[in-house]
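Working notes for the structure below.
The values are calculated or read from the model by the stated rules, or taken from the named source; none is laboratory data. This structure is a prediction, so every number in the text was calculated from the model and none was measured. A quick note on method: Cβ atoms are made from the backbone with ideal geometry, for glycine too, and the neighbour counts reach across all protein chains shown. Protein only, heavy atoms only, side chains kept; ligands, DNA and RNA dropped before computing areas. Shrake-Rupley method; radii C 1.70, N 1.55, O 1.52, S 1.80 Å.
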Amino acid sequence: MYQQILCSLIEKIANGVVNKAEIDRSVLASLEQKTLSLELRELGFPICCSVNEQRFVITGVVERSDCTISTDIKSLKLLQKEQQLTELIRQEQLDIKGDIKVAQQFAQLAESFNFDWGKELSNHIGDVPAYKVEQLQIWLKSKFSFAQQQIKSDASEWLVHEKNLLVTLPELAVFSEQVQSVKADLADLEQRIATLLADHQADEDIK
Amino acid sequence: MSQPHQPNDNSSNDSTHFGYQTVKTEEKESKVAGVFHSVAQQYDIMNDLMSMGIHRLWKRFTIDASGVRPGNKVLDIAGGTGDLTAKFSKLVGREGKVILADINSSMLDVGRTKLRDKGLVQNIDYVQANAEYLPFEDNTFDIVTIAFGLRNVTNKERALASMYRVLKPGGRLLVLEFSKPEHEIINKLYDFYSFSVLPKMGELVAKDGDSYKYLAESIRMHPDQETLKSMMEEAGFEHTSYKNLTDGIVALHKGYKF
């Protein structure tokens, strides 16, 4: 029942935002009884968003869908860039069935959301705590950004170091020469030991 | 841990179950009515408390499985306080229609008030009706649902036949009802919860422990998943299937009329 839990949460949040945010009501009205279905490959089930009486209804009922978008979370972010749509479809990362205008209207609605999270939060917990939360969020964001950069640079540095460990052809040639030299020294040493052993055996026989 | 009492399984044509009691067939209806008149006002709060809110997800699952479309005609039998009706009303739109039917006038009153308070008035009708004798013409509805109601019906076979009759060809019946847990450990925990915790909760919140004792007993007396599926098939439904929810504590049965 993950689908129902997720749909329930999205519906609660979406309608909470619609109640409090400044949104383009005309777009919302034009979407009355229209349904957009989103099939994300990572989820494995559809999420269908309908509009009824200026409120969102989120379900898993695909039968009533006016437009169905099948994609993955990564490509979802790219949907905002219209010029990439054709490329995404060509790469089979995106599949759109039905009336694309419905999808565009939903996207337009999402863009028109003007929700002041800080103001809403201060209504619940007060101005000072809300300010502190905002500062904390900025601090966390900068820390995450720094950490992300650090990880990236460490990773690239590691890759460079790793590259130095790769054996190049001249290095291989030198190594082979050294191996040959050691081999020759070893053969020489074996020869000397054999001679010494032969001498020693001869001495023993004389005694 | 208190054990549930053993049900008295000596029902005949003249008698039927009322929880673990055997009562005369004609008495069950009034006894069930008594229970629901008593709990109507506290029904939603108790549902949330008893199921820890999960009943909302079970009902959502039912909606998702219904395949409802704008313009559909939906009959919500034993609709009670209108949870399914509210959602269906939004999904069928202005061209569609939802009938909230319940045999109990108190439940119907609570449901009507609740839905009107939510501003849902345009496409909902209210009918006080017995599921065994649905007062609608043949082939009227695209979808018929009965959520947590079938176990309270005196003659389930007759009710299923009546639902079949009012469905349009191609229409579907969805029965959401308590059922038999799949695992024995869950069954034991569920028994403890039903017979020890639930009546006390009912006593404390709704001041009516007996009604909630009946609830627990009636769940145990309700046919299990396979039996109900067979009953639906006997009533004429095709492509019948069921889906266990929360380990089978609840099951959603679905069947089509072709």
Label point distance in nm, A:Ile73-B:Val127, each placed 7 Å from Cα along Cα→Cβ
4.6 nm
How much mean residue ellipticity at 222 nm does chain B get from its helices, if each DSSP H run of length 4 or more adds -39500 (n - 2.57) and you divide by all residues, to the nearest 500 deg cm²/dmol?
-13000 deg cm²/dmol
I'd like to know which of B:Leu245, B:Thr154, B:Val74 lies farthest towards the positive end of the charge dipole of chain B, counting +1 on Cβ of Lys and Arg and -1 on Cβ of Asp and Glu.
B:Val74
Summing -39500 (n - 2.57) over every DSSP H run of at least 4 residues in chain A and dividing by its residue count gives a helix-only mean residue ellipticity at 222 nm, to the nearest 500 deg cm²/dmol, of -22000 deg cm²/dmol
Modelled label reach - A:Asn19, point 7 Å along Cα→Cβ, segment B:84-128 residues with backbone N closer than 14 Å
B:118-119
Between B:Arg158 and B:Arg56, what is the FRET efficiency for a Förster distance of 30 Å, r being their Cβ-Cβ separation, to the nearest 0.05?
0.45
Among the DSSP H helices of chain A, those whose Cα atoms extend at least 20 Å along the helix axis and whose mean Kyte-Doolittle hydropathy is -1.0 or higher are A:2-20, A:127-164, A:169-206
Take the alpha-carbon centre of segment B:97-132, take the same for segment B:187-236, and report the distance between them in whole Å.
24 Å
Order of exposure, largest accessible area first, which applies to A:Cys7, A:Cys49 with probe 1.4 Å:
A:Cys49, A:Cys7
Let me confirm one metric for peptide B:88-97, namely the mean number of other chain beta-carbon atoms within 10 Å of its residues' beta-carbons.
4
Dividing the surface of the Cα convex hull of the protein assembly as shown by four yields a projected area in nm² of 43.7 nm²
At R0 = 51 Å, how high is the FRET efficiency between A:Leu140 and B:Asp14 if r is their beta carbon distance? Nearest 0.05 is fine.
0.10
Quick one: the Cα spread of segment B:205-258 along its three principal axes, in angstroms, biggest first?
46, 22, 16
Gyration tensor (alpha-carbon) shape descriptor, segment A:88-160, a/c threshold 1.5:
oblate
Rounded to the nearest 20 debye, dipole of chain A from Cβ charges on Lys, Arg, Asp, Glu:
1400 debye
Grab the Cα-Cα distance for A:Ser30 and A:Lys152, subtract it from 0.36 nm times how many residues apart they are, and report the gain in nm with one decimal.
39.4 nm
Positive dipole terminus of the protein assembly as shown, leading residue within A:Ala184, A:Ala147, A:Leu78 (C-beta point charges):
A:Leu78
Quick one: length gained pulling A:Ala194 to A:Gln54 fully straight, 0.36 nm per residue minus the C-alpha distance?
40.4 nm
For the protein assembly as shown, give the share of DSSP beta bridges that are antiparallel, in percent and rounded to the nearest 5; count only bridges with both residues there.
55 percent
Quote the charge dipole size of chain B about the Cα centre in Debye, to the nearest 20; the model charges only the Cβ of Lys and Arg (+1) and of Asp and Glu (-1).
840 debye
In Å², what does the accessible area per residue of chain A work out to with a 1.4 Å probe?
73 Å²
Here the gain from full extension of A:Ala173 to A:Asp116, 0.36 nm per residue of separation minus their alpha-carbon distance, amounts to 13.8 nm
Counting protein heavy atoms only and a 1.4 angstrom probe, how many square angstrom of accessible surface do chains A and B bury in total, to the nearest 100?
1600 Å²
Pop out a list of residues from segment A:1-15 that are at least 20 Å² less accessible with all the protein chains around than in their chain alone; 1.4 Å probe, no ligands or nucleic acids counted.
A:Met1, A:Gln4, A:Ile5, A:Ser8, A:Glu11
Under 16 Å from the Cα of A:Lys101 - lysines, other chains or at least 8 residues apart:
A:Lys34, A:Lys81
Label model pair A:Asp99, A:Ile125: point-to-point distance (7 angstrom along the Cα→beta-carbon line) in nm is 4.2 nm
The equivalent-ellipsoid semi-axes of segment A:115-207, taken as the square roots of five times the Cα gyration tensor eigenvalues and listed largest first in whole Å, are 80, 17, 6
I'd like the carbon and sulfur percentage of the solvent accessible area for chain B, probe radius 1.4 Å, heavy atoms only, ligands and nucleic acids excluded.
50 percent
Put B:Tyr190, B:Tyr164, B:Tyr242 in order of accessible area, largest first, probe 1.4 Å, and you get B:Tyr242, B:Tyr164, B:Tyr190
Cα extents of segment B:153-258 along the principal axes, largest first, in whole Å, come to 47, 29, 18
Which residues of segment A:56-74 show a drop of at least 30 Å² in accessible area when all protein chains are present, compared with their chain alone (probe radius 1.4 Å, heavy atoms only, ligands and nucleic acids excluded)?
A:Val57, A:Thr59, A:Val61, A:Glu63, A:Arg64
Along the principal axes of its C-alpha atoms, what lengths does segment B:48-110 span, in descending order and rounded to whole Å?
35, 26, 14
Relative compactness, chain B, computed as alpha-carbon Rg over 2.2 N^0.38 Å
0.96
What share of Cα pairs, in percent, lie more than 29 angstrom apart in segment A:1-151?
31 percent
Quick one: accessible area per residue over chain B, 1.4 Å probe, rounded to a whole number of Å²?
44 Å²
Out of the GluC sites (Glu not before Pro) in segment A:31-72, which ones are loop residues according to DSSP with at most 12 other C-beta atoms within 10 Å?
A:Glu42
For segment A:53-157, size of Cβ-based charge dipole, Lys and Arg +1, Asp and Glu -1, in debye:
180 debye
